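The values are calculated or read from the model by the stated rules, or taken from the named source; none is laboratory data. Everything numeric in this text was worked out from a predicted model, so none of it was measured. Quick reminder, even Gly has a Cβ in these numbers, built from the backbone with ideal geometry, and neighbours come from all protein chains shown.
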Amino acid sequence: MENEQLLRNIGLNKYESVAYLTMLREGFTDASVLSRKSKIPMGKIYAVLDNLENMGFVEAQYSRPKKYRAIEADVAFENFFTRKESEMHRELNILRKTIDEIKRSLFYYAVQEETKQCFWSAAMGNKEVMRMVKSVYHEAKNEVCAVVPRDIRSMESEQFKDMFALMFRDTLLPLLKRGIRIRMIDPNPVLSKVLIEWQSSAKSEDIIPNISEYLKIKSLDTPHRFVLIDRNLVILEISDPLSVGRVFGMVKVYDRVLSDELHTKFEELWLNGKSLPYL
């Protein structure tokens, strides 16, 4: 029963799983004998055998009556994996080409900027917040300006280091590879160390030859906390009132006026910030 479930986990149905396992035990057989020993209805046994043959799990001897033999498991399943892998690559290539074509076709349908109106959405809870973080950074086309919250100082050093390293790898590094400029104001010495380590790693691995051109960080102790994506998108964090340093939620605001005001504030903070060594 356990083996049958394993086969069903990779896509075989109940009859196909039972038929293959029966043939592995019994050896050469014909359809009528297999139907009797596996308790698969005679009206379905030929379709089951055809499916197994097409998937590469059995081979047929075209005699009278037609005989079938199960292909050894290590050979059959390795070939099955190789075929599935090849199919997935083909499907992904087709999907990539289709998406690129859609993006080109829909480019002229880009949402028009509203200078006098705003639109906002909110996310609550860790999962929703992380989903929003990844999505908003992907919207960047030119520059990201971020003022990092200083209250994350309360987090354990290693805990913060691991969290930020993951975010940098999954979210910020892809932006840098696309040539998106990132400026960050950092009130946290822990963050500075992580960033320096990451830059050194990126240079040594030749991930981004000119990473320092795209990633700029300055140190400044400030109570402000916000993220600006290009010139129209603002990200504001909502602190958890019961836990210092913990994010309760996040608000995503499309507002050109608010963005301009916060850009002015950011430039003021940037001017007063101290450039970090090696960055």
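Side notes on the structure shown:
- Of all residues in region 215-227, those satisfying the criterion of being of a type in the set (A, V, I, L, M, F, W, C), in contact with a Lys or Arg (Cβ under 9 Å, 6 or more places away or on another chain) and in a strand (DSSP E or B) are Leu215, Ile217, Phe226.
- Selected residue (criterion: nearest to the chain's Cα centre (by Cα)) from residues of region 36-53 that are under 11 Å from Tyr15 (Cα atoms) and free of Cβ contacts under 8 Å to residues at least 12 places away in the same chain: Ala47
- Pairs with Cβ under 6 Å, 6+ apart, first in region 4-20 and more than 14 Å from Ala47 (Cβ to Cβ), second among the charged types (D, E, K, R): Ser17/Glu4; Ser17/Arg8
- Positions within region 158-178 being within 22 Å of Pro241 (Cα to Cα) and either surrounded by fewer than 13 Cβ atoms within 10 Å (Cβ to Cβ) or at pLDDT 70 or above (or both), in sequence order: Gln159
- The set of residues from region 220-238 being farther than 15 Å from Lys265 by Cβ and either of a type in the set (Asp, Glu) or crowded, with 18+ Cβ neighbours inside 10 Å (or both) comprises Asp221, Ile229, Asp230, Asn232, Leu233, Glu237.
- Checking Leu242 against (1) at pLDDT below 65; (2) over 24 Å from Lys274 (Cα atoms), the condition it does not meet: (1)
- Filter pass, Val58 being touching a Leu at 6+ places or on another chain (Cβ under 6 Å) and either within 30 Å of Glu139 (Cα to Cα) or not small (Gly, Ala, Ser) (or both): yes
- Residue match in region 81-90 (condition: among the hydrophobic types (A, V, I, L, M, F, W, C) and more than 30 Å from Glu139 (Cβ to Cβ)): yes
- Filter pass, Leu195 being within 22 Å of Leu271 (Cβ to Cβ), surrounded by 16 or more Cβ atoms within 10 Å (Cβ to Cβ), at pLDDT below 70 and in the same structural domain as Glu261 (by TED's automatic domain parsing): yes
Residues checked against (1) at pLDDT 90 or above; (2) in the same structural domain as Val234 (by TED's automatic domain parsing):
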{"site": "Asp50", "(1), (2)": "yes, no"}
{"site": "Tyr62", "(1), (2)": "no, no"}
{"site": "Arg96", "(1), (2)": "yes, no"}
{"site": "Asn126", "(1), (2)": "no, yes"}
{"site": "Met130", "(1), (2)": "no, yes"}
{"site": "Lys141", "(1), (2)": "no, yes"}
{"site": "Val144", "(1), (2)": "yes, yes"}
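- Some residue of region 11-23 being in contact with a helix residue (DSSP H, G or I) (Cβ under 7 Å, 6 or more places away or on another chain) and on the phi > 0 side of the Ramachandran plot: no
- In region 253-277, the residues that are free of Cβ contacts under 8 Å to residues at least 40 places away in the same chain form Cβ pairs under 6 Å with partners that are of a type outside the set (A, V, I, L, M), at six or more places apart or across chains, as follows: Ser259/Arg231; Ser259/Asn232; Leu262/Phe226.
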